[in-house]
1. Could you point to the label whose value was computed as percent of Cα pairs over 29 Å apart for the structure here, given (1) 47; (2) 36; (3) 29?
2. Around Lys209, under 12 Å between beta carbons, what's the net of Lys plus Arg minus Asp minus Glu among the other residues?
3. Could you give the length gained by full extension between Arg227 and Trp85, i.e. 0.36 nm per residue of separation minus their alpha carbon distance, to one decimal place?
4. From the square roots a ≥ b ≥ c of the eigenvalues of the alpha-carbon gyration tensor of segment 193-245, which class results: rounded (a/c under 1.5), prolate (a/b over b/c), or oblate?
5. Spin-label point model (7 Å from Cα, Cβ direction): what's the Ile32 to Phe189 distance in nm?
6. Separation between the His68 and Gln54 pseudo-spin-labels, each 7 Å from Cα along Cα→Cβ, expressed in nm?
7. Please determine, in degrees from 0 to 90 and to the nearest 10, the orientation of helix 154-163 with respect to the longest principal axis defined by the Cα atoms of the chain, where the helix direction is its Cα long axis.
8. Can you give the FRET efficiency to the nearest 0.05 for His151 and Thr196, using r as the Cβ-Cβ distance and R₀ = 45 Å?
Amino acid sequence: MQAPTRCSRLCIATALAAAACGQAWAQKAGDIVLGAGVLTYAPNDKSTPLRFTQPVQREIPGSGSDVHSATTLGLNAHYFLTDHWAVEGVFGYPPRLKLSGEGSLQGIGQLGSARPYGPSLLGKYFFGQPNDKWRVGVGLGITYARFGSVHLTDGLQNALGAAIGVPPGASSTSAKIDSRFGPVFAAGFTYAFSETLGLTASLSYVRMKTQAVLTTTAGGQKVAESRTSLRLDPLVPFVYVTKKF
């Protein structure tokens, strides 16, 4: 057999190197990929008018609210069950969402704020091959939203007190926002910089409807209760750096 020429040896070496590099990009069965980056919670919100349920049934005409977007640190983890299917867990450091008055409540300005705690679990499918630098992924899952650190401004508290005939500063109102499960739909792409590092950009849509219950007290006694329904339906863009293990 004729010995390989210098040119053929170089071609073989180049091919082997290319194959090795191709495998270096892989996200394949058994891989764990951790990510950290910037996550934005952007509600497409809609609320029903605020309605007193105690001491009498009465609606505040034209009342509404607007929830502002907030950006925070996002963390996630993928575990690849196969070369194409993965399970993803997502958690963002709870941002403070600010609520402003709309309609007849617009003159109050900021109504309050709350922090959403919404870990999500998704099943994801990645197109292409494990050794592709670029891969597109789509996902479907569920989130559990819990709202904590709920704070109402003095302006809203005084307005609620005035609505039932209580002088400014003579009453106090607290709020509770119900926890809810909601479906999550996601799509995005990944790009591999090196054997272990990459970049991912994704966009998720969450269907989320909840209810806020406001309790007003005066002189240590409950004097009123009011409610409103909130549809948040946030879009959640998430850009993050990944590391494969």
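Nothing in this text is a laboratory measurement; each read-out follows from the coordinates by a stated rule. Bear in mind the structure is a predicted one, so any value in this text is a computation, not a measurement. Here Cβ is always computed from backbone atoms with ideal geometry, including for glycine, and neighbour counts include all displayed protein chains.
1. Of the listed options (1) 47; (2) 36; (3) 29, (1) comes from this structure.
2. Once positives and negatives cancel, what remains is +1.
3. 46.9 nm
4. Here segment 193-245 falls in the prolate category.
5. 3.0
6. Roughly 3.3 nm, to one decimal.
7. 40
8. 0.60
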